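The values are calculated or read from the model by the stated rules, or taken from the named source; none is laboratory data. A quick note: this is a predicted structure, and the numbers were derived from the prediction, not measured. Cβ coordinates were reconstructed from backbone atoms using ideal geometry, including for glycine residues, and neighbour counts include every protein chain displayed. All accessible areas refer to the heavy atoms of the entire protein, side chains included, with ligands and DNA or RNA removed. Shrake-Rupley method; radii C 1.70, N 1.55, O 1.52, S 1.80 Å.
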Amino acid sequence: MTTDTAGTNHRSSAPEGTDGSLDDPSVRRRIRELFLLDPSTVHLDTATVGSPPRPVLDELGAVDRELARAPRDPYDDSALVDVRTVLAGGYGCAPDEICVAGSAIDANTRVLNGLELAAGDEVVSTDHECFTIRTPLNALVNRRGVVVRRAALRVGPDQRAEEIVAAFEAAIGPRTKVLQWPAVSLTTGTVFPSRLLAELAQRHGLVSVVDGAQLAGQLELDLHALGVDFLTGSGAKFQCGPQGTAFVYARNRVLRRHNPLPLPVFWPAPSLAYPAQGGLPPRTGTAEPAYDLADLMQRADTVDLSRAAALRLSCQLWDRIGRAEIGRYVRALGDRLLSGIADHFGTSALYNSVEDPRLRCGMVAFTPFRDAAGEPAEMARFGEFATRLRDQYRISVAVTGFAPPDNSGFRFAIRISPHLYNTYDEIDAAVAAMAALAAHPR
């Protein structure tokens, strides 16, 4: 169905024939056919960037051509109401709480700069954050005198969810205003216990801000049940939407069951819909919103309607396949990977938890070197390992790094992040290739 409205889906539903168990070979084949991935390569770095399905790319081009044929007011984003409705349905919130952003750093900057923070106010964060949130946080340090404290988080096969919560609680002080954490660690792939951390924030009356870049599209997400105040997500990683897409969730109602705290003060900027004179009405204290907060956030400038429409189609496709089924399959790939690395390298090489399955997803990080040291020069050795894996075996992975709490120097990791287009055979082949490289270093 094609219309003259860029915000109306060009296809009435996601592509047919993709429902069923992702362990079913026939379903796996149909899923794989949705993607343009080079069959001679194995992409195991979705945490950096995903591969958009063919229908998503088709939608991107179709809306661009439609807008070229019939140009429209670029400041009119009323078409995005439908996009926000689809995202809200897939992620478990209301359409007035979610908007499309241009990138992860755009989304994180909007949230952090919209909070009411003054000199001396503290944000408790981690050393496992992406620069898309570390840099806007540091801007608040330099501009407003905000203080950032880091929760001391261990990594390794014996870490548990309660330990992470305890580390955050130990970092809370009398000036703490915000708890900020990654839903899934960029550096190690550890799934943070977000519901437990949200409850911790609520007990202390703190605002909760979550970087969900590695969460959206990988694991099932229910934003209301999670109970956080703000969460940002990437559209171009595990959601496999077009590059240059992200989203912002901002709680816009009191959730008696999941988050009964009053809504935090929040300034939706930039916003073309913010009153030119006067101010906004008081925020709601009930389950009913006082106004459409997401609309204020969405009306930021000219709107990239084609990318928004393509992101919507990606979300519809994930809804059709089943977000719970995608999450189950990706976790199974991660467990296969974890087991293989433990067999070849030992559990001590892992930065992921073996003991606590609550902390696991598809992403796994480890060191292939028994003599790895906490020195900056180590990055070159890890980088060479990843380059050899790509050049010799055509397998792509990433190198990440973090600072452990014992001040023993920076730690680097090989991070592997499969997705629904990968197979168990590819996981086994990647583990075997990495073992061969480690056994024959240059």
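What to note about this one:
- The one condition in (1) at pLDDT below 95; (2) outside any helix (DSSP H, G or I); (3) open to solvent by 20 Å² or more (accessible area, probe 1.4 Å) that residue 9 fails to fulfil: (3)
- Any hit, segment 205-218, residues being more than 19 Å from residue 352 (Cα to Cα), over 18 Å from the mean Cα position of the chain (by Cα) and open to solvent by 20 Å² or more (accessible area, probe 1.4 Å): yes
- Which numbered condition residue 296 fails, given (1) farther than 30 Å from residue 370 by Cβ; (2) in contact (Cβ under 8 Å) with a residue 40 or more places away in the chain: (2)
- Scanning segment 136-166 for residues that are open to solvent by 20 Å² or more (accessible area, probe 1.4 Å) and of a type in the set (S, T, N, Q) turns up 138, 142.
- Members of segment 81-108 found to be buried (at least 20 other Cβ atoms within 10 Å of the Cβ) and of a type in the set (S, T, N, Q), listed by number: 108
- Test result for residue 49, open to solvent by less than 10 Å² (accessible area, probe 1.4 Å) and not small (Gly, Ala, Ser): no
- For segment 363-425, the strands (runs of 3 or more DSSP E) that sit wholly inside it and include 1 or more residues that are open to solvent by 30 Å² or more (accessible area, probe 1.4 Å), at pLDDT below 90 and farther than 30 Å from residue 241 by Cβ are 411-416.
- Residues that are more than 19 Å from residue 194 (Cα to Cα), in a loop (DSSP other than H, G, I, E, B) and in contact with a helix residue (DSSP H, G or I) (Cβ under 7 Å, 6 or more places away or on another chain) within segment 119-156 comprise 119, 146, listed in sequence order.
- Considering segment 35-46, and only residues there that are among the hydrophobic types (A, V, I, L, M, F, W, C) and open to solvent by less than 20 Å² (accessible area, probe 1.4 Å), the residue that is farthest from residue 432 (Cα to Cα) turns out to be 35.
- Exclusive hit being in a loop (DSSP other than H, G, I, E, B) and open to solvent by 30 Å² or more (accessible area, probe 1.4 Å), set 335, 301, 295: 301
- Checking 270, 281, 275, 264 one by one, the residue that is in contact with a strand residue (DSSP E or B) (Cβ under 6 Å, 6 or more places away or on another chain), in a loop (DSSP other than H, G, I, E, B) and surrounded by fewer than 22 Cβ atoms within 10 Å (Cβ to Cβ) is 264 and no other.
- Those residues of segment 234-244 which are surrounded by fewer than 24 Cβ atoms within 10 Å (Cβ to Cβ) and of a type in the set (A, V, I, L, M, F, W, C), in sequence order: none
- Among the residues of this structure, residue 133 counts as one that is of a type in the set (Val, Ile, Thr), open to solvent by less than 30 Å² (accessible area, probe 1.4 Å) and closer than 26 Å to residue 49 by Cα.
- Selection status of residue 429, modelled with pLDDT under 95, in contact with a strand residue (DSSP E or B) (Cβ under 8 Å, 6 or more places away or on another chain) and open to solvent by 10 Å² or more (accessible area, probe 1.4 Å): no
- Residue within segment 172-191 that is buried (at least 22 other Cβ atoms within 10 Å of the Cβ) and assigned to a helix (DSSP H, G or I) present: no
- Which listed residue is open to solvent by less than 10 Å² (accessible area, probe 1.4 Å) and free of Cβ contacts under 8 Å to residues at least 60 places away in the same chain, from 255, 223, 231: 231
- So residue 357, is it without any contact (Cβ under 8 Å) to a residue 12 or more places away in the chain and open to solvent by 10 Å² or more (accessible area, probe 1.4 Å): yes
- Across segment 77-101, the number of residues qualifying as hydroxyl-bearing (Ser, Thr, Tyr) and at pLDDT 95 or above comes to 2.
- Here 139, 171, 161, 183 are screened, and the one residue that is touching a Gly at 6+ places or on another chain (Cβ under 7 Å) and on the phi < 0 side of the Ramachandran plot is 183.
- Looking across segment 75-123, the residues that are touching a Ser or Thr at 6+ places or on another chain (Cβ under 7 Å), closer than 21 Å to residue 186 by Cβ, in contact (Cβ under 8 Å) with a residue 60 or more places away in the chain and among the aliphatic types (A, V, I, L, M) come down to 104, 107, 111.
- Answer from 39, 71 - the residue that is closer than 30 Å to residue 396 by Cα, free of Cβ contacts under 8 Å to residues at least 60 places away in the same chain, out of contact with any Asp or Glu (no Cβ under 8 Å at 6 or more places or on another chain) and assigned to a loop (DSSP other than H, G, I, E, B): 39
- Restricting segment 12-24 to residues that are modelled with pLDDT of 50 or more and surrounded by 10 or more Cβ atoms within 10 Å (Cβ to Cβ), the residue that is nearest to the chain's Cα centre (by Cα): 22
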